[in-house]
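First the structure, in the form of structure tokens, and then the observations on it.
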Amino acid sequence: MGGANGGKKRFIDRVESVAEWMNPVTSDPAAPLKTVSFFESFAPSLMPRSSMHQGMAAGLSVLAAELVGRSVDSLVSKAVPASSPFVARFGARAVATGIGYGLTQIPQTRDEATYVASARTVGRLAMAGGVGGMVYQAADELRVRYPKAGPIRPIITGIGGFVGSLMYSERLLEHRRTVIRRWSEDDKPADLMVSLGIGIGVSTAGRVVGKGFMASREGAQTYFGDDVVQRAFGRLLNIGVWAAGAAALYSAGVGYIARANERIEPAYSEPPTSEFVSGGPSSVAPFDELGLQGRRYVTDVVTPEVIEATLGEPAVAHPIRAYIGYNSEPLYSTGRSELALEELDRLGAFDRKYLLLFCPTGTGWVDQTMIESAEILARGDIATCCIQYGRSPSFLAVQKVALGRKQFRQLLWGVKQRLAGRAPEDRPKVLVFGESLGAWSSSDVVMKQGIEGFDQYGIDQALWFGLPGLAKWSKTGMREGRNALVPEGTVGSFDRIEQWKELSAEERSKLRAVILDHDNDPIVQISLRLAVKQPVWLDPDEEKGRNVPEDMEWTPLITFLQVAVDAMNAMRVIPGEFKSFGHDYRGDTAEFVHAAYHFDEVTDEQMAKVDETLRQLELERGERIKQAKEAGTERTAGPKYLRDRKPGEPAGEPMEATEGQAEGDFQ
């Protein structure tokens, strides 16, 4: 009997312990702040989220709140220990809140230094930690003054508070679903319980890493001794070991992912026979060295027949495509740039009316829709050139921006030198393009000269899509034309084509750089300053941009984490479904390409046909990628590919997407 009673007591004790851990107010000194931050992770942001992304946002927000709450509590406890009377403990946290409030009164200006914004944000965080500590101390004091008579009260308050928090979170999540546009009707919205589980996993992993770091630091300090210098050396050594381990793990992960660049797809395994592309008979760039994205790029080319069928007028020439892969020898930046210049010479690129130079994204991915738009609108009288500088997704290739910039600068300079020997009327118009990380790399070439750099490198016009907020052009205000390096009217930043159409003909002609940045593109909006300073696009006194939720607000640290998670889901490509949303610019591409590069006029009917052709070409590309995944199986729907049709062949019915996924490799 005694054993049964003992087992029952142990069970009740465990339930009570779990209930106290679940209590959203008294589980630990940072609990109130963590609970509020958990709620804020469900607030409206820029992108729709799956359960995975929502769970990551919740877990990271809780970790940030725990760091702030415990830091404030630790600092206050050094002055007023936990053994002090309640009034002293509560008052100390009230003083911390007051000091924080004082810092929040530092005036905010648009172009203030980051350290000024950081001081104000430290005040807000101190206030949050102080108020959270006051709530915890008050609740803890109530528990001391009114001791529990049994397990019922802590179990009811703990589990009841947790369930109440979940119910409130479900309401927040439902509101989030109603105010944020989804990518498609097939999107599966975030589920609260799944998100909660992922969030607990993320926060637990973060705590384990943090405790491991602190344990190894303590071990290093103990090993080297108690002297101040020895302890400092132990701490530095611990940081170095952890940094080296993180770098090694990162490099190993990136290297594993980068192997996809070497994959040979059945649909893209045969070298092209065209004399106008890299990898072909006139090329010096071996087809097998172009990489996954390069092989796709030189295989899926626009032909004069496609141009004529689209515009209803003869093509002037066959478009030229030059691509130098990351593995192209010689394996160094200058070698790749020189190889690109030789390739342009051999393919006859300098004889075209337009020469379009562009940087790819981190994987070497090329925005085919943009290139196809330019080739069609230029009537084929255009050559394009790209040099790959990375083999991993852009968020893992930020460290490659410097290499991309270096290669692109060398390419621009080499082109200018070669064109200098030609008469002005025989030189092609030099155009520049970049998207996402490619926009960052290519714009950085002129980050110190601004528009003067355009003339220095012989650039006529530039078009950038989704210029990251971390790029120099973004951080220095050149993107918005707020910098002395960009004379008024030479740079235009737009969210949609209607804004460009509002300009006069004179204003349009003055533009040297056109930047297409969607208001709700998290890759455009994210920056390190977002963690400590309220951006203009979230100023409550300003009108919110297109697709930015009206009730989205800025919170220190939390908004940065929210936008960072949104950046992971900023683009979902569904072949043939062009959107003007987030980091997907296909819905704007054709009109902005025509506008930015001042191509010859087209009618509304021709532009509509261009859009139709672009969608069809993308569907065909999606089908080819599906074939690659299915090891070369036969296509199951649609007529012969547009590029494969001979002149005079009937168009037939447009191709339709078949079952299977192309999205994963499409970017």
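The values are calculated or read from the model by the stated rules, or taken from the named source; none is laboratory data. Because the structure is predicted, anything quoted here is derived from the model rather than measured. Virtual Cβ from ideal backbone geometry, glycine too; neighbours counted across all protein chains shown. The accessibility values were calculated without ligands, DNA or RNA, using every heavy atom of the protein model including side chains. Shrake-Rupley method; radii C 1.70, N 1.55, O 1.52, S 1.80 Å.
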Evaluate the range 258-270: report whether one residue or more is touching a Pro at 6+ places or on another chain (Cβ under 6 Å), among the small types (Gly, Ala, Ser) and closer than 20 Å to Thr363 by Cβ.
no
Identify, by number, the condition in (1) of a type in the set (A, V, I, L, M, F, W, C); (2) part of a helix (DSSP H, G or I); (3) open to solvent by 40 Å² or more (accessible area, probe 1.4 Å); (4) in contact with a helix residue (DSSP H, G or I) (Cβ under 8 Å, 6 or more places away or on another chain) that Ala267 doesn't meet.
(3)
The range 542-558 residues that are buried (at least 19 other Cβ atoms within 10 Å of the Cβ), paired with ones that are among the β-branched types (Val, Ile, Thr) (beta carbon under 6 Å, 6 or more apart):
Pro556/Thr121
Inspect all residues belonging to the range 189-197 and state whether any of them is at pLDDT 90 or above, surrounded by 13 or more Cβ atoms within 10 Å (Cβ to Cβ) and not in a helix (DSSP H, G or I).
yes
Provide a single number: the residues in the range 200-229 that are surrounded by fewer than 15 Cβ atoms within 10 Å (Cβ to Cβ) and either assigned to a helix (DSSP H, G or I) or touching a residue at least 12 places away in the same chain (Cβ under 8 Å) (or both).
19
Among the numbered criteria (1) open to solvent by less than 40 Å² (accessible area, probe 1.4 Å); (2) of a type in the set (Val, Ile, Thr); (3) out of contact with any Gly (no Cβ under 7 Å at 6 or more places or on another chain), which one does Ile257 miss?
(1)
If you scan the range 127-146, which residues turn out to be surrounded by fewer than 20 Cβ atoms within 10 Å (Cβ to Cβ) and among the aromatic types (Phe, Trp, Tyr)?
Tyr146
Can you tell me which residue within the range 473-524, out of those that are over 30 Å from Ile180 (Cα atoms) and among the charged types (D, E, K, R), is least open to solvent (accessible area, probe 1.4 Å)?
Arg512
Tell me, yes or no, whether the range 272-284 has at least one residue that is in contact with a strand residue (DSSP E or B) (Cβ under 7 Å, 6 or more places away or on another chain), among the aromatic types (Phe, Trp, Tyr) and touching a residue at least 60 places away in the same chain (Cβ under 8 Å).
yes
Inter-residue pairs, beta-carbon under 7 Å, first among the β-branched types (Val, Ile, Thr) and in the range 161-172, second outside any helix (DSSP H, G or I), 6+ apart
none
So, of the residues in the range 39-55 that are in a helix (DSSP H, G or I) and surrounded by fewer than 24 Cβ atoms within 10 Å (Cβ to Cβ), which turns out to be farthest from the chain's Cα centre (by Cα)?
Phe39
Name the residue that is modelled with the highest pLDDT, counting only residues in the range 598-628 that are open to solvent by less than 30 Å² (accessible area, probe 1.4 Å) and of a type in the set (Gly, Ala, Ser).
Gly622
Restricting the range 139-165 to residues that are touching a helix residue (DSSP H, G or I) at 6+ places or on another chain (Cβ under 7 Å) and part of a helix (DSSP H, G or I), the residue that is farthest from Gly69 (Cα to Cα)
Ile155
